Structure formats: structure tokens, C-alpha cells
Amino acid sequence: MLLLIEKLENCVFAVIDNNFNSVDIRSSFQDVILALMYQIDEEVNIINSKVKIAIDSCNVKDDRLNFLLTIHKYQQAMSVIVKELSESVGESIEKTLDLKIRGICNVTIEKNIIVKMAQLRKEISKPIMKPPKWKYKPPVDVNASEGDKLIIFCNATGKPKPQITFYRNGIKINDLMEKYFVKDNQLVLLNISHGMYGAGDNSIYQCKAENKHGYLWSNFYVNIIEFKPKLIKKSNDVEVIEGSDVVMFCEFSSIPTANIIWEGFKNVAYEVVRTGNKNKSKIRLKYVDRSSEGNYSCTGKNKYGFDEGNVNVIVRNKTRFIIENDTSIVHLASRNLNLSCKVIHDEKLPVFYEWFIDNKRIDKGKIDYEMVKNDTLILKNTKINSFNSVKCKVSTKLNYIEKNFQIIIIDVPNPVKLASVIECNQNERYAKIHFEYFENAYLYSPVIEFWIQYLIDSYNDSTSWITHPNPVTAENHEYIDNNMRIVLSTVQIDLKPYCHYQFRIFARNSIGDSVPTLANEICTTSPDYPYNHPTDVRIESDEFNSIIVYWNTIQREEWNGPNFGYEIHYKSSSNGKWNVKKVDDPFKNSEYISFKEDKPFQLIDVKVLSVNDVGIGIEIPSIVQGRVGLLLTDNLSIHSERTTRTVDNMLSKKKLNDYQYFIVIIFFVIIFLQIILFIICLYRKISTKEEEILCVEEALMSNY
């Protein structure tokens with residue numbers, strides 16, 4: 001606030017001291033003063049309250065505190081003064097002004113009162129006016145050589161701002177003097193030269209900083225000296241990796257400036273690096289290799305002599321990974337992951353290995369790993385999302401290289417989160433299964449489909465799971481929410497009669513199948529007639545008084561009702577009456593049927609039916625025929641191996657009686673006679689052809 005009041009006073013005193021007329025006041029000061037008044041008003045109340053508390057608590061009556069209490073009146077008085085000044089035309093400001101101030105009636109303030117208040121304010125705040133003071137330090141002596149350009153600064157502060165004046169040997173310097181240039185607080189000397197008895201620029205110079213409150217004076221000497229170059233700094237011997245850049249420098253102390261020359265280059269590219277010091281030279285060797293090794297010299301020379309320095313450059317082999325293109329890895333979860341950081345390096349440079357996981361040093365407590373010779377890391381039992389990146393850092397004293405492995409751990413899908421039977425219709429025989437699945441969005445191997453499995457007799461069998469043939473495709477039932485992939489679906493499955501269904505669901509991706517999730521309920525369906533009869537019914541017989549009937553059993557899910565079994569219906573093909581034999585074991589696939597009397601080679605009709613407590617299967621069964629006692633049946637599906645085995649059984653058991661022997665003998669005799677007859681006919685045909693040929697030959701002979 002004191003700064004604001006100071007600005008306000010400056011405006012008012014400018015008005016008073018210069019006797020501005022009303023037009024000038026309005027145009028030059030009124031807006032500025034009013035703006036300052038508004039800012040002061042905002043802070044006066046805060047100061048008033050603090051001062052009142054201080055006076056009440058300490059009972060102090062001090063001029064400084066009293067002044068603070070009058071600040072508000074003071075700024076009000078200033079506003080009235082501005083108003084009166086703006087309304088007065090040609091009247092003397094020395095005149096007493098009658099002021100009417102807010103909350104103060106008939107207060108008279110003269111010019112000397114305003115001055116007194118300003119003096120009182122200066123006692124409790126920093127002075128408005130300041131004599132000159134060096135900003136940093138006064139100018140110092142300067143050493144230079146002939147031909148140089150010198151810039152000398154004379155920096156000083158004060159209120160008002162000090163005026164800077166330069167002198168040479170006590171004589172004021174101005175811009176008209178040859179070789180000298182003065183700008184603000186700078187003195188510039190161009191192309192300086194050495195002279196005797198004041199003829200040269202080697203002289204005593206002065207800087208004077210002055211305002212109305214005082215001045216500063218400082219002498220400094222410009223000394224022009226000359227000597228041969230002397231090496232003061234240079235690069236140490238350099239050991240560098242091939243392919244890198246090398247920067248070398250030499251710095252001389254020399255007056256006049258040294259001409260610096262580098263030597264020792266061996267067909268190596270280089271560039272000169274600019275510096276701000278003329279006595280310093282810096283060069284950069286680019287992409288060094290073994291041919292760049294050697295000694296490089298720098299020579300600084302002027303008209304008084306020279307000096308030189310040497311820098312030895314040693315080039316080391318670059319450290320390289322043996323395998324560099326193995327950083328992108330897709331790895332199967334739960335298996336060990338081997339990461340290699342083997343390198344080829346300079347034998348004289350020892351290497352150090354560091355391993356990082358997700359940019360943090362590897363920690364045995366957080367991840368299971370094994371280190372092999374420091375250059376190979378084995379991560380054990382890897383899991384999906386257990387880490388994102390692995391980095392190895394191989395360092396030497398000259399450089400380091402890094403290999404960043406981007407590893408994607410893939411795994412079978414998560415288990416289905418929720419599976420439930422939301423509807424089980426026993427009579428119409430269907431079930432609705434609802435499931436929910438969650439996984440991270442944008443996986444490398446997302447879930448593709450879901451498979452439903454079921455047990456048809458869950459009370460007695462917990463292992464014979466049957467897979468429903470139609471999977472649920474994930475992309476048709478998915479959405480993304482908060483970086484999670486969510487699949488929701490409800491599936492209706494048609495069921496078989498008389499089954500106790502237990503359901504489970506597993507997810508599948510390109511890697512494999514998840515652990516199945518059991519549904520929460522068992523669904524039981526009502527019984528019905530069997531829908532199917534056994535297939536592949538066939539007959540075998542090795543006796544004339546019996547047959548064996550074979551068939552393919554009906555699977556459990558096709559039983560359709562309790563007490564499932566089979567009925568074998570058989571009869572002679574010439575007789576229309578069916579005989580029935582019942583088989584109660586549903587897992588049995590054959591039955592032996594004996595006759596009361598022998599029926600050699602008789603044709604027998606057989607059909608096998610499915611039955612349960614509800615009734616007989618509604619499908620029309622197929623009828624199969626076979627002959628009693630005949631080794632081969634009419635059914636072509638009988639295997640020759642089984643037939644051969646049947647013949648062996650017949651011979652070993654000697655079950656053929658005389659009648660059977662007679663029939664067999666007659667059969668072979670007929671076949672033997674047919675063979676003899678065929679041979680006789682063939683012989684006669686050949687003889688006839690020979691006779692015809694002879695007749696033709698005789699005719700030809702007779703013609704000749």
C-alpha cells in the first residue's frame with residue numbers, strides 16, 4: 001500500500017509544483033490518481049483494523065501509529081485536492097482549501113500539511129529517493145592485446161536512475177571521440193593499440209554514476225600486454241567407443257591472440273567447434289574407428305613464439321548384443337521364459353549387467369527368477385499381467401547398451417464367472433443356461449467361443465461329459481466397459497427324456513480351454529417311449545439248433561425312460577409267428593437263442609427292439625435274415641475273422657452228425673462233377689478247331 005501512496009504523492013506533487021491548469025490536470029493526472037485511490041481504499045480498512053487492535057492492546061500513542069490512522073483521511077484529502085485542482089482555473093495552489101471529506105466536516109488542509117504527512121510516511125517506510133549504488137561491482141582493470149575490441153560495463157542503481165559518464169585520464173569521453181562508443185552504461189573501445197605517454201589506449205579510465213542525491217566514482221586501467229602463447233588447458237587422453245564422436249580442445253594464454261593449428265589426422269572426418277575464446281580451439285572427430293587412434297597435437301603461435309599440447313585417442317570395440325531381434329516375445333503362461341543379453345565387447349573393457357522389470361530393479365521377493373552368468377534371466381512360472389516389460393542394461397566405463405523385451409504372456413481364458421440354469425422345462429424338455437464372462441479388454445488372445453457340456457445321469461456318473469455341438473460365439477454377445485471385456489449370453493438347449501442333466505461351461509481361445517464352471521442346478525426331464533431301435537443287427541450260427549444275435553447298444557441319453565432294455569423278435573421266414581426274448585441289461589450287445597429242434601440251413605428273421613417302462617420304441621425296426629448252421633450269414637457285415645473262428649469251434653467240438661457229413665459230401669461231389677464237365681467241354685472245343693484247320697489246309701493243297 002505504501003508503494004501506491006508513493007505513486008499518488010508523485011502525481012499530486014507534480015500537479016502542485018508545475019501549477020497545471022484544469023485541462024492539463026484532467027488529461028494528464030486525474031484518471032491515474034483516481035485509479036490509485038481505488039486501490040488504496042481496498043487496503044486501508046485492513047491496516048486500520050490492525051492498527052486499532054495494536055493501540056487498544058498496547059495503549060501506544062506514537063506518531064507513526066497516528067499516521068497510519070490518518071491514512072484514510074489522507075487519501076480522501078488527496079481525492080478532494082484532485083477535484084479542487086480540476087475545478088480551479090488560474091488560482092494559486094498555495095491558497096488554503098476548504099475541504100469537505102466523507103465523515104469529516106469542514107476540515108482544512110494546506111499544502112504544508114500534505115508535505116508534513118509525506119515526511120512522516122518516509123520515516124516509517126523505505127525512502128523514495130536513493131543515491132547511486134553499484135549494482136554488482138565497479139569496473140575492474142582489463143588486460144588486452146592490440147587490435148582487440150573491449151566492452152566495459154558501469155552498472156549502478158538509484159532513484160532517480162543515475163546518469164553514467166565515462167572519462168579517460170580525467171577527460172570526459174563522448175561519441176565524437178575516435179575509436180570510442182558510449183551507449184547507456186557501456187563503453188566500447190575499438191581496435192585498441194599500445195602507445196607511450198598517453199598516445200595509446202593503455203590508460204586510466206573513470207566511470208561516474210550520478211543523480212541528485214549523490215554520485216559514485218571508480219578508476220580502472222586498460223593494460224595492453226604482449227607475450228608468446230602458453231598452454232594452460234587441454235583435453236586428457238581420450239578412450240572412446242568406435243562409432244562415437246570425440247571432442248578435444250586446447251586453450252592458450254596469449255597476447256596477441258594465438259593462431260591454433262591441429263595435426264595428426266589420419267583420414268578421419270572432423271569439424272571445428274566454435275568457442276567464445278579466441279585463444280581456445282575445439283575440434284570434433286566424427287564416427288571414429290580403429291584408424292582414428294593415435295596422437296593429435298595442437299600448436300598455438302603468435303609473433304612472439306609458440307607452445308603445443310598432445311592428446312592421445314584410444315578407440316575401443318563397440319559393445320553389441322549377439323542377438324538383437326529377440327525382443328518381441330509371445331510366451332505361454334506357466335512356462336519358464338529365458339531372456340538372453342549376451343554381448344560381444346572389447347576384452348579390455350569389463351561389462352556389468354543389470355536387469356529391470358517394469359523399470360525397477362529385479363526383486364527376488366516379487367518374482368521367481370534364476371540368473372545364469374548374469375547375461376541370461378530365467379523367469380519361472382510366468383503369469384498373465386504379472387509384468388509388462390523386461391529390460392537388461394549392459395555397461396562399460398565408456399558406454400552402455402540396453403535391450404527392452406516386450407513380452408506378451410498368453411494363457412487359456414479365465415473361467416466363466418457365473419453359470420446358472422434359469423429355466424428347466426421337464427415336459428417340453430429344454431433348459432435355458434445363462435452365463436457371464438469377464439476378461440481384460442484388448443488381450444493378445446481373447447476368448448473366441450464358449451462350449452456347454454452336460455452329464456445325462458449326474459447322480460450315477462460324474463465323468464462322462466457330453467459336449468453340446470453348437471458353441472456360443474463371443475463376438476456376438478460382448479461389449480467393452482471400463483477396459484473390461486464382458487460377455488453375457490443365455491442359451492436354450494433341447495433335452496432328452498428321462499435324464500438328470502448337470503451343466504458346465506468352459507471358454508476357449510486360440511491357446512486352449514479354461515477350467516469349466518458348473519451351473520448351479522440339475523435339470524430332470526420326463527420319460528417317454530424310446531425313439532430309436534438298435535442298429536447293425538446281425539446273426540451268427542455255428543450250430544443247427546441255435547443262433548447268436550448281435551446289435552449296437554443304445555446310448556444312455558436315448559433310453560428315454562426307466563428300466564430300459566431290448567426285445568429280440570425271431571421266427572422262421574416261412575412261419576409268420578414271432579417269438580420274443582427279453583434282454584434286461586441295456587449295456588448288453590448280444591444274445592444266444594436256442595431252438596427245440598435242429599433247423600439246418602433254415603432262413604431266420606430277426607429284429608431287435610428298444611423298450612422301457614413307458615413302452616416299445618415307436619420307430620419301425622429293420623428285419624435281418626440269417627441261416628441256421630451256416631457259417632456265413634446274409635448280413636455282409638459279419639467279419640471273416642469271426643467266421644474263421646466259428647469254423648474252428650465247429651471242428652474242435654465235433655458237432656457235425658452223419659447227416660451233416662452227407663450233405664457236405666454231396667455238396668463237394670457236385671462241385672467236382674461240374675469241374676470235370678467243364679474240362680471235357682473245353683477239350684472238345686479245342687479238338688473241333690484243330691479239325692477245321694486240317695480241312696482248310698487239305699483244301700488249299702488240293703487247289704495247288
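Some notes on this structure:
- Once the chain from residue 545 to residue 326 is taken as fully extended at 0.36 nm per residue, the excess over their C-alpha distance is 71.0 nm.
- Of interest is the spacing of the C-alpha centroids, which for the stretch 209-223 and the stretch 405-433 amounts to 93 Å.
- Rel. contact order, % - alpha carbon contacts under 8 angstrom, at least six apart, the stretch 425-557: 28 percent
- Exceeding the 19 Å Cα-Cα cut-off - candidates 135/183; 179/230; 280/301; 364/391: 179/230
- Size descriptors for the stretch 314-443: radius of gyration and Dmax over Cα atoms are 23.1, 93 Å.
- Long pairs among 342/393; 571/607; 234/348; 581/607, criterion Cα-Cα beyond 18 Å: 234/348
- Over the stretch 428-474, the pair-distance histogram of Cα-Cα distances with 5 Å bins from zero comes to 5, 15, 19, 20, 18, 12, 7, 4, 1 percent, rounded to whole numbers.
- Viscosity 0.692 mPa s, temperature 37 °C, Stokes-Einstein D of the stretch 131-224 from Kirkwood C-alpha radius, µm²/s: 242 µm²/s
- Taking the inverse of the mean 1/r over every pair of distinct Cα atoms in the stretch 570-632 gives a Kirkwood hydrodynamic radius of 13.4 Å.
- The ellipsoid that matches the Cα gyration tensor of the stretch 262-357 has semi-axes, each √(5λ) in whole angstrom, of 47, 15, 12, with the longest given first.
- The stretch 476-540 and the stretch 178-200 have Cα centres separated by 103 Å.
- Loop-located trypsin sites (Lys or Arg not before Pro) in the stretch 404-437 (DSSP state not H, G, I, E or B) with no more than 16 neighbouring Cβ atoms inside 10 Å: 417.
- Highest mean packing first, where packing is the average number of other Cβ atoms within 10 Å per residue, the peptides 527-538, 493-504, 353-364, 234-245 line up as 493-504, 527-538, 234-245, 353-364.
- Per-peptide average of other Cβ atoms within 10 Å, ordering 586-598, 284-296 highest first: 284-296, 586-598
All of the numbers you see were taken from the coordinates with simple rules; none came from a lab. Not measured: the values here are computed from a predicted model. Here the Cβ is made from the backbone with ideal geometry for all residues, glycine too, and neighbour counts use every protein chain on show.
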